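Below is one structure, written out as structure tokens; comments come after it.
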Amino acid sequence: MTGELSIDADRDRPEALPTAAGRDDLHSGRLYWPTRSGPVRMTPTIPTPAALDVLVLGAGITGAFVAHALARTGLRVGILDARGVGRGSTPASTALILYELDTPLTELCLRIGSIAASEAYLASWRALGDMQRLVAGLDDDADLIARPSVNLAVRRRDMRRLKAEAKARSELGIAVEVLGQRELRERFGISRPGALLSADAFEIDPLRLTVALLRSALRAGAALLPRGSVDTSALVESARPFRLRLAGGGEVTARHVVIATGYETPDEFAQVARRVQLRSTYVVATEPLAGDPWPQRALLWDTGDPYLYARTTSDGRVLVGGGDEVFTAAGPRDALIRTKSHQLLDQLCDLAPGIEPRPAFEWAGTFGQTEDGLPWIGRHRNWPDVHFALGYGGNGITFSLIAAQIISHGIAGAADAREDLFGFDR
Ligand SMILES: Cc1cc2nc3c(=O)[nH]c(=O)nc-3n(C[C@H](O)[C@H](O)[C@H](O)COP(=O)(O)OP(=O)(O)OC[C@H]3O[C@@H](n4cnc5c(N)ncnc54)[C@H](O)[C@@H]3O)c2cc1C
């Protein structure tokens with residue numbers, strides 16, 4: 001088989017995947033990341049396998065982490081994507097890599113108990129180190145750069161929560177610093193009532209990382225199947241191995257299937273899809289700016305709801321995102337891109353008054369959140385050989401790595417306590 005990994009996602013429009021919810025596409029507007037990397041072509045050396053140990057559905061960053069982890073264990077792994085590599089939500093991401101979950105530790109303790117909440121935070125924190133080590137072993141560092149994360153208080157009263165949060169995290173051995181108003185202005189030039197500063201964070205190019213992971217997986221023997229879909233109805237039937245008809249003709253069999261389909265859970269798993277709330281979010285990438293827009297090019301996000309977040313890129317732009325809306329239909333979502341872009345740039349100017357940002361890329365994307373801010377990872381008791389890797393939330397990419405670890409342990413028959421934290425029986 002001759003396969004191609006193209007990361008030039010603007011070259012041809014991604015296909016819309018019809019779903020039960022009637023969504024059409026995951027993003028619109030002009031994305032930034034696909035313009036950074038030219039098309040990458042690869043030729044897998046093995047023929048399309050008819051018999052797989054694992055079929056990974058979805059070739060975004062989650063499918064890439066999963067395929068990379070599994071292929072290195074010697075399993076026969078196939079990767080299939082209905083649109084092609086890196087054409088889902090991944091190229092729309094701002095890719096701030098944080099361990100800090102959407103739900104603060106103090107709040108998560110109240111929701112799920114302090115032991116589980118602490119373990120969830122520690123799992124996420126450790127995943128950052130794992131990701132840095134993993135990326136160091138790839139043939140492309142995907143522009144991974146360590147940055148401080150600064151969680152800005154929007155209102156004075158948020159400081160009380162941030163202080164309690166710092167205390168709770170430091171009791172777990174996770175170092176964070178509380179910055180008061182003056183210290184925040186002196187160290188980061190930002191006027192807000194205060195902030196929580198964490199040294200453990202980094203930025204990446206999500207599309208380059210996806211491609212580097214897949215390249216490594218293919219080198220380890222994984223096969224990239226031609227772009228297309230499979231008839232997923234076979235996944236809820238009892239016969240094993242799964243016999244999956246490919247939309248383009250032919251069939252593959254697989255002992256296990258990994259659902260790494262991002263915000264588009266196949267219709268057969270409606271009860272899983274119901275556990276996520278989809279919304280729309282907006283991002284602007286500015287024209288390159290002269291100099292650093294704020295000290296240390298920190299990753300910024302605030303305590304607002306929805307929260308505002310910003311980072312820089314290696315070519316000197318600022319990516320600023322937020323303005324979430326509760327709908328996902330493309331019509332109303334896309335109609336708001338200009339308005340949201342203006343609002344985001346105004347908010348950026350307020351944050352970093354010394355800069356004069358001009359928009360270069362503006363886009364809208366679907367985004368998924370869970371009630372407790374945790375992902376859905378692992379097997380569901382109804383479908384024991386189907387493994388879900390649904391890393392929802394603002395740090396979905398951190399969850400993608402955790403999903404890859406849990407699923408590869410699960411398929412190898414090794415216990416992973418994190419499945420209790422992030423799985424369907426929690
Ligand atoms: C605007 C925005 C900003 C974000 N910012 C951050 C951030 O700063 N930090 C962070 O960690 N996360 C962030 N996220 C979240 C993060 O980007 C996502 O969690 C991550 O990209 C999801 O990757 P994925 O591989 O699971 O999904 P996707 O990239 O969507 O990949 C899933 C793939 O599955 C394919 N597919 C779907 N259904 C099928 C099927 N039935 N058969 C075959 N293929 C199928 C799709 O074509 C798609 O390519 C952000 C997301 C958005 C939209």
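Suppose we keep only residues that are modelled with pLDDT of 95 or more and within 14 Å of the ligand (Cβ to nearest atom) within the stretch 213-233. Which one would you say is nearest to K167 (Cα to Cα)?
Top of the filtered list is L213.
Quickly run through the stretch 254-284 and pick out the residues that are in a strand (DSSP E or B) and either more than 11 Å from the ligand (Cβ to nearest atom) or under 19 Å from P384 (Cα atoms) (or both).
Hits for the stretch 254-284 are A254, R255, H256, V257, V258, I259, Q277.
Looking at L351, L336, L345, L390 in this structure, which one is touching a residue at least 12 places away in the same chain (Cβ under 8 Å), in contact with a Pro (Cβ under 7 Å, 6 or more places away or on another chain) and not assigned by TED's automatic domain parsing to the domain that holds A95?
Going through L351, L336, L345, L390 in turn, just one is touching a residue at least 12 places away in the same chain (Cβ under 8 Å), in contact with a Pro (Cβ under 7 Å, 6 or more places away or on another chain) and not assigned by TED's automatic domain parsing to the domain that holds A95: L345.
Among the residues of the stretch 129-136, are any part of a loop (DSSP other than H, G, I, E, B), open to solvent by 10 Å² or more (accessible area, probe 1.4 Å), more than 15 Å from the ligand (Cβ to nearest atom) and farther than 26 Å from L26 by Cα?
Checked against the condition, which is being part of a loop (DSSP other than H, G, I, E, B), open to solvent by 10 Å² or more (accessible area, probe 1.4 Å), more than 15 Å from the ligand (Cβ to nearest atom) and farther than 26 Å from L26 by Cα, the stretch 129-136 yields no hits at all.
What about L235, is it over 22 Å from D385 (Cβ atoms), touching a strand residue (DSSP E or B) at 6+ places or on another chain (Cβ under 9 Å) and buried (at least 18 other Cβ atoms within 10 Å of the Cβ)?
no
Which residue is most open to solvent (accessible area, probe 1.4 Å), if the candidates are limited to the stretch 270-289 and must be farther than 20 Å from D25 by Cα and among the polar types (S, T, N, Q)?
Only one residue tops the list, namely Q271.
Within the stretch 47-61, how many residues turn out to be open to solvent by 10 Å² or more (accessible area, probe 1.4 Å) and either touching a Phe, Trp or Tyr at 6+ places or on another chain (Cβ under 8 Å) or away from the ligand (no atom under 14 Å from the Cβ) (or both)?
Number satisfying all stated conditions: 6.
Considering the stretch 235-250 alone, what residues qualify as being more than 19 Å from R381 (Cβ to Cβ) and at pLDDT 90 or above?
P241, R243, L244, R245
Could you tell me whether any residue of the stretch 139-148 is open to solvent by less than 30 Å² (accessible area, probe 1.4 Å), in a loop (DSSP other than H, G, I, E, B) and within 16 Å of the ligand (Cβ to nearest atom)?
Yes, the stretch 139-148 has at least one match.
A415 versus (1) among the aliphatic types (A, V, I, L, M); (2) within 11 Å of the ligand (Cβ to nearest atom); (3) open to solvent by 40 Å² or more (accessible area, probe 1.4 Å): which is the lone unmet condition?
(2)
With the structure loaded, tell me whether A247 is under 30 Å from Y121 (Cα atoms), hydrophobic (A, V, I, L, M, F, W, C) and open to solvent by 30 Å² or more (accessible area, probe 1.4 Å) or whether it fails that test.
When the stated conditions are applied, A247 does not pass them.
Working only within the stretch 206-224, note down all residues that are part of a loop (DSSP other than H, G, I, E, B) and either basic (K, R) or open to solvent by less than 10 Å² (accessible area, probe 1.4 Å) (or both).
The one that is part of a loop (DSSP other than H, G, I, E, B) and either basic (K, R) or open to solvent by less than 10 Å² (accessible area, probe 1.4 Å) (or both): A222.
Evaluate the following for E251: is it more than 25 Å from L319 (Cα to Cα) and within 12 Å of the ligand (Cβ to nearest atom)?
So E251 does not fit the description; no.
Considering only residues that are more than 12 Å from the chain's Cα centre (by Cα), in a strand (DSSP E or B) and within 12 Å of the ligand (Cβ to nearest atom), which ones fall in the stretch 367-384?
Listed by number, the residues that qualify are W376, I377.
Given S114, S170, which one is at pLDDT 95 or above, outside the structural domain of S314 (by TED's automatic domain parsing) and hydroxyl-bearing (S, T, Y)?
Of the residues listed, the single one that is at pLDDT 95 or above, outside the structural domain of S314 (by TED's automatic domain parsing) and hydroxyl-bearing (S, T, Y) is S114.
Mind checking whether some residue in the stretch 343-350 is within 14 Å of the ligand (Cβ to nearest atom) and surrounded by 18 or more Cβ atoms within 10 Å (Cβ to Cβ)?
yes
Looking for whichever is surrounded by fewer than 23 Cβ atoms within 10 Å (Cβ to Cβ), closer than 29 Å to G29 by Cβ and out of contact with any strand residue (DSSP E or B) (no Cβ under 9 Å at 6 or more places or on another chain) here; the options are D292, D267. Which one fits?
D267
Here's the yes/no breakdown for (1) free of Cβ contacts under 8 Å to residues at least 40 places away in the same chain; (2) open to solvent by 40 Å² or more (accessible area, probe 1.4 Å); (3) over 14 Å from the mean Cα position of the chain (by Cα); (4) not assigned by TED's automatic domain parsing to the domain that holds Q271:
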{"residue": "R311", "(1), (2), (3), (4)": "no, no, yes, yes"}
{"residue": "S314", "(1), (2), (3), (4)": "no, yes, yes, yes"}
{"residue": "G323", "(1), (2), (3), (4)": "no, no, yes, yes"}
{"residue": "I355", "(1), (2), (3), (4)": "no, no, yes, yes"}
{"residue": "V386", "(1), (2), (3), (4)": "no, no, yes, no"}
{"residue": "I402", "(1), (2), (3), (4)": "no, no, no, no"}
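The values are calculated or read from the model by the stated rules, or taken from the named source; none is laboratory data. None of the values given here were measured: they were computed from a predicted structure. Don't worry about glycine lacking a Cβ; one is built from the backbone with ideal geometry, like all the others, and counts go over all protein chains shown. Side chains are part of the model used for accessible areas, which takes the heavy atoms of the whole protein and leaves out ligands, DNA and RNA. Shrake-Rupley method; radii C 1.70, N 1.55, O 1.52, S 1.80 Å.
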